[in-house]
Amino acid sequence: MSYQYVNRQRYRLMPEAKIDVRLSEDVVISEEPLNIVLHWTCPDTHEALEKNFMVTMRTPGQDVFLVIGLLLSYGIIKNYQQIQAIHQEEHNQCDVILSQDVELDWKTLTRQFVSHSSCGICGANDVKKLAHTFHQPLDCSKQWLPIESVLTLPSLLRQMQSLFSATGGVHSAGIFTLDKCLTSHEDVGRHNAVDKVLGELVTKDLLGKQVILMLSGRVSFELMQKAVAANIAVVAAIGAPSNLAISVAKQFNITLIGFVSDQACNVYHGDFRLININR
């Protein structure tokens with residue numbers, strides 16, 4: 001269940017400084033842990049191995065898409081064909097069976113996960129390390145994205161935020177072409193919403209070269225890492241980017257746009273992809 005009903009006390013300031021208190025019902029977003037277990041074959045000994053990869057807090061729903069997007073983001077898989085199966089036989093657990101061509105270095109993967117999950121550890125070295133993990137070239141076609149199209153994205157994404165309308169407690173991510181929205185998802189975690197949209201499009205083989213990842217909040221290093229992994233050339237957001245997000249955009253030549261509204265936006269890198277810019 002994506003949301004739950006709870007009781008609340010509503011306090012409201014009335015005329016003459018009186019406080020009105022009423023008991024009512026509220027809708028809140030659900031948040032539950034998801035344990036992700038990886039199963040793979042050791043290339044040297046051909047031994048079947050199994051380890052708990054991580055526990056992530058997420059809004060239940062589209063768990064398979066979330067797991068696929070997350071594995072793509074960490075460079076564990078390059079495409080959907082490298083997953084043999086995903087089982088959800090236990091509550092709040094996904095067991096991922098990787099194909100035999102996936103070479104999993106658990107020690108390197110563990111170090112990468114700790115670095116990207118711990119506050120204050122990410123830095124310039126992490127930006128450089130991305131280039132060693134993800135080195136596929138981005139589409140660098142010039143002047144294909146009208147600035148007017150960018151300014152419509154916040155309202156288009158908002159129209160698909162049904163959980164936010166009900167609860168006010170979720171983030172949203174969507175992937176757009178110039179003509180339509182390919183997919184959008186909501187989740188209590190910003191990174192989860194991005195993983196879900198990436199996972200769905202990877203599963204359906206719909207991630208094209210000229211697409212835009214639109215975010216409902218700010219842009220962090222981790223979200224830019226996901227764009228790099230998915231070979232997405234344009235990231236736009238309603239909120240602000242961090243300094244490391246801008247560094248990733250410059251390192252990989254991603255068009256990064258922040259503070260997008262229906263009237264204006266800030267372009268931090270990659271304006272060569274935009275049309276109708278006064279230079």
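If the chain linking Q251 and H39 were pulled fully straight, counting 0.36 nm for each residue of separation and taking away their Cα-Cα distance, it would gain 73.0 nm.
In this Cβ point-charge picture (+1 for Lys and Arg, -1 for Asp and Glu), segment 145-275 has a dipole of about 160 debye about its Cα centre.
In plain terms, the chain from T203 to Q100 could stretch by 35.2 nm, reckoned as 0.36 nm per residue minus the Cα-Cα distance. Centroid-to-centroid, using Cα positions, segment 189-240 and segment 28-59 are 22 Å apart. Over the chain, DSSP H runs of length four or greater, each weighted -39,500 (n - 2.57), average out per residue to a 222 nm ellipticity of -9000 deg cm²/dmol. Note on K196: aspartates and glutamates with a C-alpha under 13 Å away, same-chain residues under 8 apart excluded, are D63, E186, D187.
With viscosity set to 1.002 mPa s and temperature to 20 °C, compute the Stokes-Einstein D of segment 168-274, Rh being the Kirkwood radius across alpha carbon pairs; µm²/s, no decimals. The estimated diffusion coefficient comes to 159 µm²/s.
A straight chain from F272 to K18 at 0.36 nm per residue would run longer than the Cα-Cα distance by 85.7 nm. Tally Lys/Arg at +1 and Asp/Glu at -1 over every other residue whose Cβ is under 11 Å from the Cβ of S172; what's the total? So the environment of S172 carries a net charge of +1. Exposed loop sites are taken as GluC sites (Glu not before Pro) in a DSSP loop (any state but H, G, I, E or B) with at most 14 other beta carbon atoms within 10 Å; the longest stretch of the chain without one runs 104-279. The radius of gyration of the Cα set in the chain, together with its Dmax, comes out at 20.5, 78 angstrom. Summing +1 for each Lys or Arg and -1 for each Asp or Glu among the other residues whose beta-carbon sits under 13 angstrom from that of N192 gives -4.
For each pair in K180/K209; K142/K180; K204/K250, compute the distance between the two Cα atoms and list the pairs where it is over 24 Å.
Values: K180/K209 15 Å; K142/K180 20 Å; K204/K250 29 Å.
Pairs exceeding 24 Å: K204/K250.
Our summary gives the chain a relative contact order of 18 percent, counting only alpha carbon pairs under 8 angstrom and 6 or more residues apart. Rounded to the nearest 0.05, the FRET efficiency derived from the C-beta distance between T152 and E32 at R0 = 35 Å is 0.55.
Where a number appears in this text, it was derived from the coordinates with a stated rule and is not lab data. Source: prediction; values computed, not measured. Ideal geometry is used to build each Cβ from the backbone, glycine not excepted, and the neighbour counts take in all protein chains shown.
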